[in-house]
1. Quick one: count up the residues across segment 6-41 that are in a strand (DSSP E or B) and at pLDDT below 90.
2. What are the pairs with Cβ atoms under 6 angstrom where one residue, in segment 155-177, is of a type in the set (Asp, Glu) and the other, located anywhere, is open to solvent by 50 Å² or more (accessible area, probe 1.4 Å)? Sequence gap at least six, or different chains.
3. Name the pairs whose Cβ atoms lie under 6 Å apart, with the first residue in segment 80-97 and within 21 Å of Leu145 (Cβ to Cβ), the second of a type in the set (Ser, Thr, Tyr) and open to solvent by 10 Å² or more (accessible area, probe 1.4 Å), and 6 or more positions between them or separate chains?
4. When you go through (1) surrounded by fewer than 14 Cβ atoms within 10 Å (Cβ to Cβ); (2) closer than 19 Å to Gly53 by Cα one by one for Glu102, which number turns out not to apply?
5. Say whether the condition of being within 20 Å of Gly43 (Cα to Cα) and of a type in the set (A, V, I, L, M, F, W, C) is met by at least one residue in segment 116-124.
6. On the given criteria, is Asp168 at pLDDT below 95, assigned to a loop (DSSP other than H, G, I, E, B) and surrounded by fewer than 16 Cβ atoms within 10 Å (Cβ to Cβ)?
7. Which of the residues that make up segment 48-65 are of a type in the set (D, E, K, R) and either open to solvent by less than 30 Å² (accessible area, probe 1.4 Å) or touching a residue at least 40 places away in the same chain (Cβ under 8 Å) (or both)?
8. For Glu90, state whether it is out of contact with any Pro (no Cβ under 8 Å at 6 or more places or on another chain), under 24 Å from Thr65 (Cβ atoms) and not aromatic (Phe, Trp, Tyr).
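The values are calculated or read from the model by the stated rules, or taken from the named source; none is laboratory data. Since this is a predicted model, take the numbers as computed values, not measurements. All Cβ positions, even for glycine, are placed from backbone atoms using ideal geometry, and neighbour counts span all protein chains on display. Note: accessible area is taken over every heavy atom of the protein model, side chains too, but ligands, DNA and RNA are not part of it. Shrake-Rupley method; radii C 1.70, N 1.55, O 1.52, S 1.80 Å.
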Amino acid sequence: MKPLGFTCLMAILSLMSTDEGAAQLARYFVGASGGVSIGDLGGAGFATSVRVGGTAGLFGGVRPTRNMVLNLGTNWVQKGGGETRLDYVEVPLTVGGVALIEDGLYRGRFYTGLSLGIKVGCSSNLRLPCGEAAATEWAWPIGLLVGRWGSGSHFLALDVRYTHGLSDAFESVPVNTRSWQFRLLTGWRIRGKR
């Protein structure tokens, strides 16, 4: 049986046309993001208080059609709750629908996808010992992005994302991470029309 992430990636890529006309219309972009994360840990009768942390990352993407965006990123994000802090490097793959406003100057995007998180840090109490924290995390991101294109190829956007852990954050306790992320994005078109 193939891993869930591989299956989702293949399904998303199959939606993209590879003919020459579509390739000429594609718009490619890169950028950086930063902001704040607010989250907790919960599940199976277990809940923590809210913890505030930070997030920052890089991303790249393609708009293969006028109303669709495929995005791949890498983000450092602080998650956890209460006295437990979990730091991850996440690799989210998202697909979203684009709504263009005022001839494409402003745009909104609703998106969802799948994210793989690799634990890079842990600080916790005895109830949730760091030695039992899972090395990786699968998560489901869902979000809304609203942005504006400046003159030329630059854009600036506000992104609000909710990420729900699909796998347990600790081996001994069935809890997952739940995180809201409020990020400012800036980026540049590197190929294709606006």
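1. 1
2. Once the first residue is of a type in the set (Asp, Glu) and sits in segment 155-177, its partners that are open to solvent by 50 Å² or more (accessible area, probe 1.4 Å) give Asp168/Pro174; Glu171/Glu132.
3. Val91/Thr74
4. (2)
5. The answer is yes, given that some residue of segment 116-124 is within 20 Å of Gly43 (Cα to Cα) and of a type in the set (A, V, I, L, M, F, W, C).
6. Taking the combined requirement at face value, the residue does not satisfy it.
7. Arg63
8. No; evaluated as a whole, the condition is false for this residue.
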